[in-house]
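Participant: Quick one: the structure is below, and I'll ask about it shortly.
All of the numbers you see were taken from the coordinates with simple rules; none came from a lab. The model shown is predicted, which means the values in this text are computed figures rather than measured ones. Heads up, the Cβs are rebuilt from the backbone with ideal geometry, glycines too, and the neighbour counts pull from every protein chain shown.
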Amino acid sequence: MRIPNILNFIWNRIILFFTNSNVQKTLGILLFFSITILILFSSYSPNQVALHPDEVAQQDIRSEINAIVIDYKQTAVLQNQAAAGVQKVYQEDQYALTNMQNEINRFYNNIIEIKTIGINKQEELQSFINEINIRYEQFEQNYTDQQLARYILLTPDEDLEQIHAASMSLVENIMNKPVTEETLEDAFQRTVTQTNTLSYAPQARDLINVAIINSLRPTLVFNKEATDKAIDEAMRAVEPVQKNIKAGEIIVRAGDRVTPEQISALEQLGIQRTQSYSLTLIGVFLLVILTFLLGIEFIRRYYKEIFNNDRMMILIGLIFVLMLLLTRFMAIIEIDGRTEINALIGYMAPVAAGSMLIAILLDNRLAYFMTMVMAIYVGLINEGNQLFYTIVAFAGGTMGVFQVHRVNQTSDLAKSGLYIALVNIVAILTLLLVSGNVSLDVVFMAIIIGVINGLLSAVLMIGVLPYLETAFSITSMVKLLELTNPNHYLLKRLLLEAPGTYHHSLMVGNLAEASAEAIGANPLLVRVGAYYHDIGKLKRPDYFVENQQGFDNPHEKIAPALSALIITSHVKDGVELAREAHIPEDIIDFIEQHHGTSLAKYFYSRALEEDRDGNISEDNFRYAGPKPQSKEVALVMLADSVEAAIRSLSEPTPAKIKNMVRLIIKDKLNDDQLESSALTFKDLDVIANSFCKILEGIYHRRIEYPEIIIKEFQKRRESHGDHDHQPAEQS
């Protein structure tokens, strides 16, 4: 006994777990997530190659798409050539000559100082010349440092001053030409050459060379930063060497050694595998998670009713997966030997069908968002220029949503395919112009594919729509348009069996629809609800005043309580007839709620008059309800009451119409019949004004002709002998 109880407990817990709404929603999301992953993974099969330089290709490798690839090696060669042609940038040293002159002055001042106050003058001069004479040692000197020191000691100071002046003059002459670090050796050589031309003793010329050469420095200093910038600009100015690859062109031939340039081209074409296949799958997995999370959060935040409705969430997932499967099927299609045509097949993805289905069955703005998501997946599924596929899919889907935003007749659905085809053609041709791949064959095929996409999207949407409506119990605009057809079984019966009720329903529809859009209600739903709200009167049409023309009133022969029961029963009878005719629940709400829990006042008043014992209960004379739960049903309730009341007026003047409309709306408001309908006082004011405008147009008074005009017409009639002519009525 204990084991069966435990199993029973576990089984009940399992059932309880899986019947939880959050669990079902999570499982549904995981199911659609898994299907999406499988579809994308099938597109990312490991069909890429992994070649290495100098490897022998085992087969011909062709490009599947038209593309432009960059020859990086040749581009690098041109860039290096451009960099080599850039001249170094130098900056002038304005103080170079002054510094050299100061250096020469110090040289001679030191000599004079040693000669004047030196202790061991010979050795000090020799040591000084030896330390400073570094650069001049590489040239052929006439005398040694020792000999130059002795010469200085023996030379009078006046002669040394002349040698000093000659050095200053010569250095100015040498520095007339710009000197850089590279040309410094040339400046040294010019110094020696020009010194040899002087009419001085050889020792004096050596002394001048020592003074000048060891003071020389560049007048132009190398600017590395500016030079590097110039080189960078020159390299960036080089246009990349591009190669136009045609679809079907062989990149690597079987038996050839693979070059680095070919591998680079294969990588740019997406043929060479640049990373492991597992990393690709991980990336796809993360992308799907990201789009699912963003999509679910979008719906949860802006469409809470849809998010909390499991059926609606399943519907979105079903449409989404259906579009992915069709896109994947299109991607498989391939025509042998027509690679350029194959590259266009990705544009056939019928995303617009899914966009229109979501717009018709759920919401227009949600359809725009889902169009964007589906377009992204179209680009992921197809190989080649994925961005172009995404753009075309988004353009076609958006046009589809535009076309079904307001459907006035079922033929609009078929027309939507033509508009989608037109947008597809424009988008595809535009992108072909952008890519530079334009030829007569390609343009012709692009037009055909654009037309096929548009027509296929419309046919697919029209074919699938009825099944989705039935499966998910959704009353779409298309279904509502079908219900407005006068040849519908119930409307035809209403016209033949209860003509007064039929015309009353048409009037109610006109009244209610006129103000529906102004208060944020659905005009088409309001009209259809008005058409069917009184179909319950088909069961006993003669008991309703609008159908009693020329007949006795049967209520005069029965008790008020029975009359009230018959009248209020038309709601229950209407629900039964609607369900038998498979009328959508959204319309049945109008039948069930259009009287709310209102009181049948006429029969209640009669019952009070006949009641002598005070046993009459008001509840027995009220409709069963419920009260209107939406703006649309509340509109029909008000229009129904107003139309019936205005018809009872003997002289419906504008003032009487206005007073009656306001009175009825106030009565429904005071009776709490509108408390669940979300109507505001502003909405009620808009409704009242709209009702008055329509009713005044229907019940306007005709203009009476003055007596003088009538006499004038009689005179004309007598003069022309025309006794049948009557003055035209004006209204």
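Participant: Express in nm, to one decimal, how much length is gained between V426 and A655 on full extension, taking 0.36 nm for each residue of separation and deducting their alpha carbon distance.
Facilitator: The V426-A655 span can extend by a further 76.7 nm.
Participant: Also, quick follow-up: What is the distance in Å between the Cα centroid of the stretch 177-251 and that of the stretch 95-137?
Facilitator: Using only Cα atoms, the two centres lie 29 Å from each other.
Participant: How far apart, in nanometres, would the label points at L562 and E580 be if each is projected 7 angstrom from Cα along the Cα-to-Cβ direction?
Facilitator: Roughly 2.3 nm, to one decimal.
Participant: Return one number: the angle in degrees, 0 to 90 and rounded to the nearest 10, between the long axis of the Cα atoms of helix 96-117 and the longest principal axis of the Cα atoms of the chain.
Facilitator: So the inclination is approximately 30 degrees.
Participant: Hey, with R₀ at 41 Å, roughly what FRET efficiency would N620 and L27 work out to, going by the Cβ-Cβ distance, to 0.05?
Facilitator: Rounded to the nearest 0.05, the efficiency is 0.25.
Participant: Hey, another quick one. By counting other Cβ atoms within 10 Å of each Cβ, how are H52, H164, H594, H405 ranked from fewest to most?
Facilitator: Fewest to most other Cβ atoms nearby, the residues stand as H52, H405, H164, H594.
Participant: Still on this structure, I have one more. Rounded to the nearest 500 deg cm²/dmol, what is the calculated helix-only ellipticity per residue at 222 nm for the chain, with -39500 (n - 2.57) per DSSP H run of length n ≥ 4?
Facilitator: That calculation yields -21500 deg cm²/dmol at 222 nm.
Participant: Relative contact order of the stretch 398-520: what whole-number percent is it, with Cα pairs under 8 angstrom and at least 6 residues apart?
Facilitator: 24 percent.
Participant: Rounded to the nearest 5, what % of the DSSP beta bridges within the chain are antiparallel ones?
Facilitator: Roughly 90 percent of the beta bridges in the chain run antiparallel, per DSSP.
Participant: Which trypsin sites (Lys or Arg not before Pro) does the stretch 78-135 hold that lie in a coil by DSSP with at most 15 other beta carbons within 10 Å?
Facilitator: Those satisfying the criteria are K88.
Participant: According to a simple spin-label model (label point 7 Å from Cα along Cα-to-Cβ), what is the distance in nm between V686 and V459?
Facilitator: 4.3
Participant: Determine by what factor the alpha-carbon radius of gyration of the stretch 90-222 differs from 2.2 N^0.38 Å, reporting the quotient.
Facilitator: The value comes to 1.04.
Participant: With axes computed from alpha carbons, what is the tilt in degrees of helix 601-610 against the longest principal axis of the chain, rounded to the nearest 10 within 0 to 90?
Facilitator: Roughly 30 degrees between the two axes.
Participant: Another question about this same structure. Could you list the chymotrypsin sites (Phe, Trp or Tyr not before Pro) in the stretch 83-128 that lie in coil according to DSSP, counting only those with at most 14 other Cβ atoms within 10 Å of their Cβ?
Facilitator: Those that pass, being in a loop and sparsely packed, are Y95.
Participant: If you don't mind, there's one more thing I want to ask. For the peptides 487-495, 685-693, what is the packing order when you average, over each peptide's residues, the other Cβ atoms within 10 Å and list the highest mean first?
Facilitator: 685-693, 487-495
Participant: In terms of Cα to Cα distance under 18 Å, which aspartates and glutamates are near enough to K246, apart from those fewer than 8 places away along the same chain?
Facilitator: K246 reaches D60, E64, D71, E261, E267, E334, D336, E340, E383, D441.
Participant: Related question: For the chain, take the longest principal axis of its alpha carbons; what is the angle in degrees between that and the long axis of helix 411-435, to the nearest 10 within 0 to 90?
Facilitator: 10
Participant: Quick one: if the Förster radius is 41 Å, what FRET efficiency do E261 and N223 give, using the C-beta to C-beta distance and rounding to 0.05?
Facilitator: Efficiency, from the Cβ-Cβ distance: 0.65.
Participant: With label points built 7 Å along Cα→Cβ from the Cα atoms of A234 and D157, find their separation and express it in nm.
Facilitator: Roughly 5.6 nm, to one decimal.
Participant: Multiplying the sequence separation of T180 and I282 by 0.36 nm and subtracting their Cα-Cα distance, what value in nm do you get?
Facilitator: Here the segment from T180 to I282 would lengthen by 30.8 nm.
Participant: Between [x] 163, 84, 78; [y] 90, 64, 56; [z] 110, 61, 50, which entry matches Cα extents along the principal axes in Å as derived from the coordinates of this structure?
Facilitator: Computing Cα extents along the principal axes in Å and matching it to [x] 163, 84, 78; [y] 90, 64, 56; [z] 110, 61, 50 gives [x].
Participant: Grab the Cα-Cα distance for Q549 and Q91, subtract it from 0.36 nm times how many residues apart they are, and report the gain in nm with one decimal.
Facilitator: Length gained between Q549 and Q91: 153.7 nm.
Participant: Another one. Per 10 Å bin from zero, what fraction in whole % of the C-alpha pairs of the stretch 277-474 is there, up to the bin with the longest pair?
Facilitator: 9, 36, 34, 18, 4, 0
Participant: Can I ask one more? Report the calculated FRET efficiency for I70 and I37 (r = Cβ-Cβ distance, R0 = 25 Å), to the nearest 0.05.
Facilitator: After rounding to 0.05, the efficiency reads 0.15.
Participant: Mind running the shape call on the stretch 474-528? Use the C-alpha gyration tensor, a ≥ b ≥ c as the square roots of the eigenvalues: rounded below 1.5 for a/c, prolate if a/b tops b/c, oblate otherwise.
Facilitator: Since a/c reaches 1.5 but b/c is at least a/b, the shape of the stretch 474-528 is classed as oblate.
Participant: Right, something else. With a 10 Å radius around each residue's Cβ, average the other Cβ atoms per peptide and rank 375-388, 289-302, highest first.
Facilitator: With the highest mean Cβ count within 10 Å placed first, the list reads 375-388, 289-302.
Participant: From the square roots a ≥ b ≥ c of the eigenvalues of the alpha-carbon gyration tensor of the stretch 143-182, which class results: rounded (a/c under 1.5), prolate (a/b over b/c), or oblate?
Facilitator: It comes out oblate by the Cα gyration axes.
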